[in-house]
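Trainee: Sharing a structure with you now.
Please treat every number below as a calculation from the coordinates, not as lab data. Remember, it's a predicted structure, so these values are computed and weren't measured experimentally. Note: ideal-geometry Cβ built from the backbone for every residue, glycine included; neighbour counts use all protein chains shown.
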Amino acid sequence: MDATITYSPAYTLVPTYECFNRCTYCNFRVDLGQGGWIDLDQARRQLQAAQGRGVIEVLILSGEVAPASPQRPAWFKHIYQLCELALEAGLLPHTNVGPLSRLEMAQLQQVNGSMGLMLEQLTPALLQTVHRHAPSKHPQVRLQQLAQAGELQIPFTTGLLLGLGEGEGDWVDSLRAIAHLHQRYGHIQEVILQPHRPGQRQPSPGQPLPARQVIQAVELARQVLPPTITLQVPPNLIDPSSLLAALAAGARDLGGLSPVDEVNPDYDHPQPAQLARLIAPQGWQLQPRLPVYPHYDPWLAPALRSRVRDWRQRLAQGPDLPLSELPLKY
């Protein structure tokens, strides 16, 4: 059994919370015109604060602008500039901002160690319920994004949202679609299995996914997906005993641990030291990782490749700070 459990020491930068989708379970978005965009000087200050504090990954996580919106070019340029700022700060960007065109993905590839987009669920039934007012959540739009990432050789993270009204058969369909694309392109690093937990900001009430179903999803994913794809579970969305059960079922990564889970702001991430103590009696060791997995390094743009190589050398010597001292709130 692999005794290593990984996580990414991360900081989340939000270009804007404004989003043209209206998913009924969302605790992130605000209406257009109400959130504004983060100022580049403000972003620079935040990134400077993250330097030397154990952070490696900068997750660029944004509300979505409609493809045909006149704001789209400026929004995309803003995201690109934030990635550049992260690189200037010595950190590694990972962008997840909704579906992008092939040209947009190719441009961001030059300034990202990896990218991501949740597949969520393939079942079209959700288009009549939780995704009724969310055009970019159409299953074919999400699948196209995963295929484009493979064609461009972008190391990619995707995943399922669990507990939206789908069934276990829908999980199988979604996992098989991911497996098929990975078998074709070999580009999926991780699959996140993210259970729904209700938040105070979501427009419609919802029920948390029972813990036993989270474990079932991990077991199912480990059966369906190729062994080269790492399974990730968010440690702030399940209780400690369920987290241990998920690891026993095959999950091996705990995702990006940042000061705030912007998608689930009601649920704080546990400190790495807490997680290390939790898993140690089971024989597991918690280790930080980069947002790009080692076997994808040759896919990176040359400038990124050298930055990633430097980070790998630093991690080989041990993290900058002991896990017990790694601050996640500043």
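Trainee: Projecting each Cα onto the charge dipole of the stretch 200-324 (Lys/Arg +1, Asp/Glu -1 at the beta carbon, about the Cα centre), which of Leu315, Trp299, Leu278 comes out farthest on the positive side?
Mentor: Trp299
Trainee: Please give the contour-minus-distance gain from Thr129 to Asp239: 0.36 nm per residue of separation, less the Cα-Cα distance, rounded to one decimal in nm. Let's see the in-between values first.
Mentor: Values: separation 110, 0.36 × 110 = 39.60 nm, distance 2.81 nm.
Length gained between Thr129 and Asp239: 36.8 nm.
Trainee: Among the Cys residues of the chain, which have no other cysteine Cβ under 4.7 angstrom away?
Mentor: Lacking a cysteine Cβ partner under 4.7 Å: Cys19, Cys83.
Trainee: From Cα pairs below 8 angstrom and at least 6 apart in sequence, can you work out the relative contact order of the stretch 4-325, rounded to a whole percent? Provide the component values of the computation, followed by the final result.
Mentor: On the way: 584 pairs, mean separation 73.1, N = 322.
Computed over the stretch 4-325, the figure is 23 percent.
Trainee: Place +1 on the Cβ of every Lys and Arg and -1 on the Cβ of every Asp and Glu in the chain, take the dipole about the Cα centre, and give the residue among Cys19, Cys83, Leu32 whose Cα lies farthest towards its positive end.
Mentor: Of the listed residues, the answer is Cys83.
Trainee: Determine the sum of side-chain charges near Leu304: Lys and Arg each +1, Asp and Glu each -1, restricted to other residues whose C-beta is under 15 angstrom from that of Leu304. Don't skip to the answer; put the middle values down first.
Mentor: Values: positive: Arg305, Arg307, Arg309, Arg312; negative: Glu57, Glu84, Glu88, Asp297, Asp310.
Taking every other residue near Leu304 into account, the sum is -1.
Trainee: With a sphere of radius 13 Å drawn around the Cβ of Pro135, what net charge do the other residues whose Cβ falls strictly inside it have (Lys, Arg +1; Asp, Glu -1)?
Mentor: Values: positive: Arg22, Arg132, Lys137, Arg142; negative: Glu64.
It works out to a net charge of +3.
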